[in-house]
1. Among the strands (runs of 3 or more DSSP E) confined wholly to the range 1-60, which include 1 or more residues that are of a type in the set (A, V, I, L, M, F, W, C) and loosely packed, with under 12 Cβ neighbours inside 10 Å?
2. For Thr114, only one of the following conditions fails: (1) within 20 Å of Thr6 (Cα to Cα); (2) crowded, with 19+ Cβ neighbours inside 10 Å; (3) not basic (Lys, Arg). What is its number?
3. Within the range 69-112, which residues are under 30 Å from Lys31 (Cβ atoms) and either touching a helix residue (DSSP H, G or I) at 6+ places or on another chain (Cβ under 9 Å) or small (Gly, Ala, Ser) (or both)?
4. For the range 2-16, indicate whether the set of residues that are of a type in the set (Ser, Thr, Tyr) and under 13 Å from the mean Cα position of the chain (by Cα) is non-empty.
5. Can you tell me how many residues within the range 61-107 are under 21 Å from Met1 (Cβ atoms) and assigned to a loop (DSSP other than H, G, I, E, B)?
6. Being surrounded by 15 or more Cβ atoms within 10 Å (Cβ to Cβ), of a type in the set (Gly, Ala, Ser) and out of contact with any Ser or Thr (no Cβ under 7 Å at 6 or more places or on another chain) is the filter here; which residues of the range 61-100 pass it?
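Laboratory data are not the source of any read-out in this text; all were calculated from the coordinates shown. Since the structure is predicted, the reported quantities are computational estimates derived from the model, not experimental observations. For neighbour counting, all protein chains shown are included, and Cβ atoms are generated from backbone atoms with ideal geometry for every residue, glycine included.
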Amino acid sequence: MNIEITNLTTVPNDCLLSAPLDLTVGLKLEKPIKAGKWVIRFIFDFSFQKHSVVLLETQPKDYSAGESTETFHIDSIDLSGLKEKELLNMGLLSASLFIENETKNSALDINMCTEITKEKDGYRRTILNPLE
């Protein structure tokens, strides 16, 4: 299946790690997708421990061939139970598209490396856009 990512934005960026997040994904589909389901997750300490937190899971929906845009809103990123050493290693914001009840093998993975730093006001995130 040919899926092209035409646009990718994360708002806000360079902000508190726990702040709300709007992720917009533009796609161009060669063929229609039946029962496409998105899973948005944040993987802390991507280099070592890989502590994964599911931020959002959508209901399955059909997509027509051609261009489409999806915007996902996450109210906050839950940091409870995470140790500082997990927070301060490279993180990964991941958006995965699964098709027709598939739960293990995604048709598309969009991985955005995320730098996490500790500042006076708390942990801050800077999400790196792989399209830039």
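1. Counting at least 1 such residues, we get 51-57.
2. Checking Thr114 against (1) within 20 Å of Thr6 (Cα to Cα); (2) crowded, with 19+ Cβ neighbours inside 10 Å; (3) not basic (Lys, Arg), the one that fails is (1).
3. Ser94, Ala95, Ser96, Ser106, Ala107, listed by residue number.
4. yes
5. Final tally of qualifying residues: 10.
6. Those that are surrounded by 15 or more Cβ atoms within 10 Å (Cβ to Cβ), of a type in the set (Gly, Ala, Ser) and out of contact with any Ser or Thr (no Cβ under 7 Å at 6 or more places or on another chain): Ser68, Ser94, Ala95.
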